[in-house]
1. Return the ratio Rg/(2.2 N^0.38 Å) for the stretch 12-122, where Rg is computed over Cα atoms only.
2. What percent do you get for the relative contact order of the stretch 12-122 when only Cα pairs under 8 Å and 6+ apart count?
3. For a quick check of your reading of the filter: which chymotrypsin sites (Phe, Trp or Tyr not before Pro) in the stretch 20-76 sit in a DSSP loop and have no more than 11 other Cβ atoms within 10 Å?
4. Tabulate in residue order the Karplus-calculated ³J(HN,Hα) for the stretch 61-69, using 6.51 cos²θ - 1.76 cosθ + 1.60 with θ = phi - 60°, rounded to whole Hz; enter x for Gly and Pro.
5. Compare the peptides 63-74, 9-20 by average per-residue count of other Cβ atoms within 10 angstrom and give them in order, highest first.
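A short reminder: the numbers here are calculations on the coordinates, not readings from a lab. Keep in mind the model is a prediction, meaning the values are calculated, not measured. Virtual Cβ from ideal backbone geometry, glycine too; neighbours counted across all protein chains shown.
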Amino acid sequence: MIRYSRSSGFSLIEMLVAMVILGLTLGVLYQASAGAARNVRLDERYTYAVQIAQSLLADHARLPPGGLQLSGRVGDDYHWELTGSPLDVDQALPQATLYQLGVVVRWEGDGSREVALTTVVPELTETLEMPVEAPND
């Protein structure tokens, strides 16, 4: 006759508890990785919107007298608005007209998102180019 000891191996209940713990742990890990992937996509879209806004600000480093108001689209997703308005400055400053230039880039995704950047730029003035004389040899 063969005798089996109760201390050898795991019981069925112990195996079920281990499987439940494993299942819960894998579920939590799956949700964490899915959330991280979603955050990466969102960060990528924010980065692209900031690049659009910085590009627009760089393209309008000087504004025409009276300011500026433009809008447009980049691709199918991104809509931008560029606004330049005169800035009130202290009269003690040199004779320069400054403008507050702001850009807002919006896009749709998991809800409506936007990035807004603002800077100060001078007024576009016509400058006379001075002729450059060749050095005398």
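1. The reported ratio for this selection is 1.84.
2. Relative contact order here is 22 percent.
3. Nothing satisfies the criteria.
4. Values per residue, Gly and Pro as x: 6, 9, 10, x, x, x, x, 6, 8 Hz.
5. The most tightly packed comes first, giving 63-74, 9-20.
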